[in-house]
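Scroll down for the structure; my scribbles are underneath it.
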Amino acid sequence: MTDEMISAAYDARAEEYAALIGDIAQTDARDRALIAAWRDATQGRLLDAGCGPGLWTRFLHDGGRAVLGVDLSEEFVARARLRHPDLEFHHGSFAALPLADASLGGILAWYSLIHTPPEALPAVLSEFARVTAPGGSILIGFFDGPARESFDHAVTTAYYWTPDALQPLLAQAGFTVTVAERRARTPGEPSARPHASLTATRT
C-alpha cells in the first residue's frame with residue numbers, strides 16, 4: 001500500500017467520507033474530550049496529521065491553538081480549505097513533512113496511520129519525531145486488534161495495532177508513552193471495531 005494508492009482511494013470516496021464524519025458533531029464525545037485534554041496540555045504549534053476535511057484541525061484551532069493540517073488526499077485538502085478558509089492545510093506525505101526540525105509542540109494522528117503498512121510505520125514515526133520539539137506530544141488513534149493484521153477497511157486496506165505493539169516503535173522513534181486507552185464501541189459510532197489510543201512525549 002503506497003501513499004499514491006491511499007491518496008487515490010480517499011480522493012474517490014471524499015464526498016461519502018465527509019458526509020459520514022465530516023463534522024465534529026458526528027464524532028464520539030469521548031474522543032472530543034480526550035483530544036481536547038491533549039490539546040490543552042500541549043505547548044506550541046500543532047499538526048493534524050491526516051486532517052481529512054479539517055474537522056479536528058478546526059477543533060484544535062478553536063481551542064486557541066496554532067495548527068496546520070496535512071493530508072495525502074488532494075480532495076480532502078481542497079474540501080478542508082473550502083470549509084475552513086482561515087486555517088492552513090497542505091497536501092503531502094507523513095514521510096516527508098514540510099516542517100522544520102523540532103518546530104511542533106504536538107501531533108494528532110487520529111486514525112490516520114491505519115493504512116500505513118507496518119514495515120513503513122517506523123519511518124513515519126521517525127519523521128514525526130524529527131518535527132516535534134523535545135517535551136512535545138503525539139496522540140495516535142487506531143483500531144485495536146491483532147497487531148499488524150490487515151483488514152478490509154471501507155476505503156482501502158488498513159491494519160490493526162495494539163498499545164503494546166506500538167509502544168516499542170514509538171520508543172525507537174524517540175517517544176515515551178504516557179497514556180494508553182482502549183474501549184469497545186457503542187451504538188451510533190461510525191465504526192464497530194474496538195478503539196485504542198496512545199499519548200506519548202518526545203524525549
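The values are calculated or read from the model by the stated rules, or taken from the named source; none is laboratory data. Note that the structure is predicted; figures quoted are calculated from it, not measured. FYI the Cβ positions are ideal-geometry reconstructions off the backbone, even for glycines, and counts take in every protein chain you see.
For G63, state whether it is at positive phi and surrounded by fewer than 21 Cβ atoms within 10 Å (Cβ to Cβ).
no
Might you let me know whether region 73-82 holds any residue that is outside any loop (DSSP other than H, G, I, E, B), touching a Pro at 6+ places or on another chain (Cβ under 7 Å) and buried (at least 23 other Cβ atoms within 10 Å of the Cβ)?
yes
Would you be able to tell me the number of residues in region 158-195 that are under 18 Å from I35 (Cβ atoms), polar (S, T, N, Q) and modelled with pLDDT of 95 or more?
Final tally of qualifying residues: 1.
Consider T57 against the criteria (1) at pLDDT below 95; (2) touching a Cys at 6+ places or on another chain (Cβ under 7 Å); (3) of a type in the set (V, I, T): it satisfies all of them except one. Which criterion is unmet?
(1)
How many residues, within region 174-198, are surrounded by 15 or more Cβ atoms within 10 Å (Cβ to Cβ) and over 23 Å from Q26 (Cβ atoms)?
Counting residues in region 174-198 that are surrounded by 15 or more Cβ atoms within 10 Å (Cβ to Cβ) and over 23 Å from Q26 (Cβ atoms) gives 6.
Can you tell me which residues in region 175-203 are more than 18 Å from the chain's Cα centre (by Cα) and within 30 Å of D101 (Cα to Cα)?
Selection gives T203 alone.
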